[in-house]
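**Q** Just dropping this structure here.
The values are calculated or read from the model by the stated rules, or taken from the named source; none is laboratory data. Keep in mind it's a predicted model, so treat the numbers as computed, not measured. A quick note on method: Cβ atoms are made from the backbone with ideal geometry, for glycine too, and the neighbour counts reach across all protein chains shown.
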Amino acid sequence: MERKRAWYRTKTFEDWDELERELEGLYLDRGGAGEPNRWIFRGVPNVSYGLLNSLERELSSNPYWATKPAEAERFVIGQYKKSAHHYVSDLPRETPEIEWLALMQHHGAPTRLLDWTRSPYVALFFALRGAHSSRDNSAVWVLNIKYCTWVACEAFRKALRLKRSPSPQDLFDLSQRKVLPVVFPIEPSRANARLAIQQGVLLYPGDVSKSFDENLSGGVGMDDMRRFEIVRDLIQIGMHRLHMMNINHATLFPGIDGFSASMKDLLWAHEHIPERDVAV
């Protein structure tokens, strides 16, 4: 069942095998020899969540900062730089700021960044974890990152009257010169372990005064943005399949915190627990 809605396509899946086939087909869509897959994925446990970065969520009900997101972002970054040395010894250089944003995102500080992944199965894990506590369907968002990046490059070329389209690696620096409602990936020179393990991609919206949706929807259309809804009946089989692939909290979040959280995953993959390990 497929229908058009808003500026992206929505498709609802009631069969796990069909969902896997569709996601794997997108993962293998390279768009050229030697190129990475052009599609990236983001899983959410509730389809109503949409695409909100942590800064948007924090400011949405904040009476002081709600109408001043740029000032709020500068304030948080400044405070973080001032005090982070008390908690982390290996800090980024003063510039580029992209390193600080990646560090803040990794440790849970509010930023304009939004986490995506090149792995559809990692996205499925984030879509299903916690979905059992919701009454709504979960979802995997799918974005053509190659086209999205091209849109950003062209927007900066025209706005700054550049002779040629800039390299994707130059987009962050250009975004500091000109505020534009576009979205593009950023790559910190020092990727943390979690980002590497999860095949993570960090997306940066160029205009923090607008929502992530508004930054994205202006240049990306139906053919390049999709939302796959997953009905609740697939939660059990999905967790079962992911556990067979060894995709759980312990493998995606290295350390004792991830291992501890993986005990929740075991409760939803009980088919794999030997009888001798089950208390009677």
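**Q** Being crowded, with 20+ Cβ neighbours inside 10 Å, touching a residue at least 24 places away in the same chain (Cβ under 8 Å), in contact with a Lys or Arg (Cβ under 8 Å, 6 or more places away or on another chain) and within 27 Å of His107 (Cβ to Cβ): is that true of Val183 here? Before the answer, list the steps.
**A** Values: crowded, with 20+ Cβ neighbours inside 10 Å: yes; touching a residue at least 24 places away in the same chain (Cβ under 8 Å): yes; in contact with a Lys or Arg (Cβ under 8 Å, 6 or more places away or on another chain): no; within 27 Å of His107 (Cβ to Cβ): yes.
Against the criterion (crowded, with 20+ Cβ neighbours inside 10 Å, touching a residue at least 24 places away in the same chain (Cβ under 8 Å), in contact with a Lys or Arg (Cβ under 8 Å, 6 or more places away or on another chain) and within 27 Å of His107 (Cβ to Cβ)), Val183 does not qualify.
**Q** Quick check on this structure: which one of Tyr121, Tyr8 is within 30 Å of Ser262 (Cβ to Cβ) and either of a type in the set (Ser, Thr, Tyr) or in contact (Cβ under 8 Å) with a residue 24 or more places away in the chain (or both)? Give the derivation first.
**A** Details: Tyr8 fails: within 30 Å of Ser262 (Cβ to Cβ).
Only one candidate passes the filter, namely Tyr121.
**Q** Does Trp150 satisfy being surrounded by 19 or more Cβ atoms within 10 Å (Cβ to Cβ) and under 24 Å from Pro188 (Cβ atoms)? Spell out the reasoning first.
**A** Working: surrounded by 19 or more Cβ atoms within 10 Å (Cβ to Cβ): no; under 24 Å from Pro188 (Cβ atoms): yes.
Judged against the criteria, Trp150 is not a match.
**Q** Related question: Could you tell me which numbered condition Ser165 fails, if it satisfies all but one of (1) polar (S, T, N, Q); (2) within 19 Å of the chain's Cα centre (by Cα); (3) part of a loop (DSSP other than H, G, I, E, B)?
**A** Against the list (1) polar (S, T, N, Q); (2) within 19 Å of the chain's Cα centre (by Cα); (3) part of a loop (DSSP other than H, G, I, E, B), Ser165 comes up short only on (2).
**Q** Is one or more of the residues making up the range 236-253 modelled with pLDDT of 85 or more and among the aromatic types (Phe, Trp, Tyr)?
**A** First pass over the range 236-253, keeping only residues modelled with pLDDT of 85 or more: 236-253.
Subset that is among the aromatic types (Phe, Trp, Tyr): 253.
Yes, the range 236-253 has at least one match.
**Q** Identify the residue in the range 202-230 that is at pLDDT 95 or above and among the β-branched types (Val, Ile, Thr) and, among all such residues, is surrounded by the most Cβ atoms within 10 Å (Cβ to Cβ).
**A** That would be Ile230.
**Q** Turning to a different aspect of this structure: Residues to consider are Glu35, Glu99, Glu56, Glu73; find the one that is farther than 25 Å from Tyr147 by Cα, acidic (Asp, Glu) and out of contact with any strand residue (DSSP E or B) (no Cβ under 7 Å at 6 or more places or on another chain).
**A** Glu73 is the lone residue from the list that is farther than 25 Å from Tyr147 by Cα, acidic (Asp, Glu) and out of contact with any strand residue (DSSP E or B) (no Cβ under 7 Å at 6 or more places or on another chain).
**Q** Read through the list (1) surrounded by fewer than 18 Cβ atoms within 10 Å (Cβ to Cβ); (2) farther than 25 Å from Leu103 by Cβ; (3) in contact with a Lys or Arg (Cβ under 8 Å, 6 or more places away or on another chain), then give the number of the only condition that Asp233 fails.
**A** Only one criterion is unmet by Asp233, namely (3).
**Q** State which residue is surrounded by the most Cβ atoms within 10 Å (Cβ to Cβ) when the search covers only the range 115-147 and only residues that are over 16 Å from the mean Cα position of the chain (by Cα) and among the small types (Gly, Ala, Ser).
**A** Keep residues of the range 115-147 that are over 16 Å from the mean Cα position of the chain (by Cα), which gives 130-137, 147.
Narrowing further to those that are among the small types (Gly, Ala, Ser): 130-131, 133-134.
Details: Gly130: 13, Ala131: 24, Ser133: 8, Ser134: 16.
Filtering first and then ranking leaves Ala131.
**Q** Does Arg112 meet the test of being of a type outside the set (Asp, Glu), part of a loop (DSSP other than H, G, I, E, B) and buried (at least 18 other Cβ atoms within 10 Å of the Cβ)?
**A** Working: of a type outside the set (Asp, Glu): yes; part of a loop (DSSP other than H, G, I, E, B): yes; buried (at least 18 other Cβ atoms within 10 Å of the Cβ): yes.
Yes; evaluated as a whole, the condition is true for this residue.
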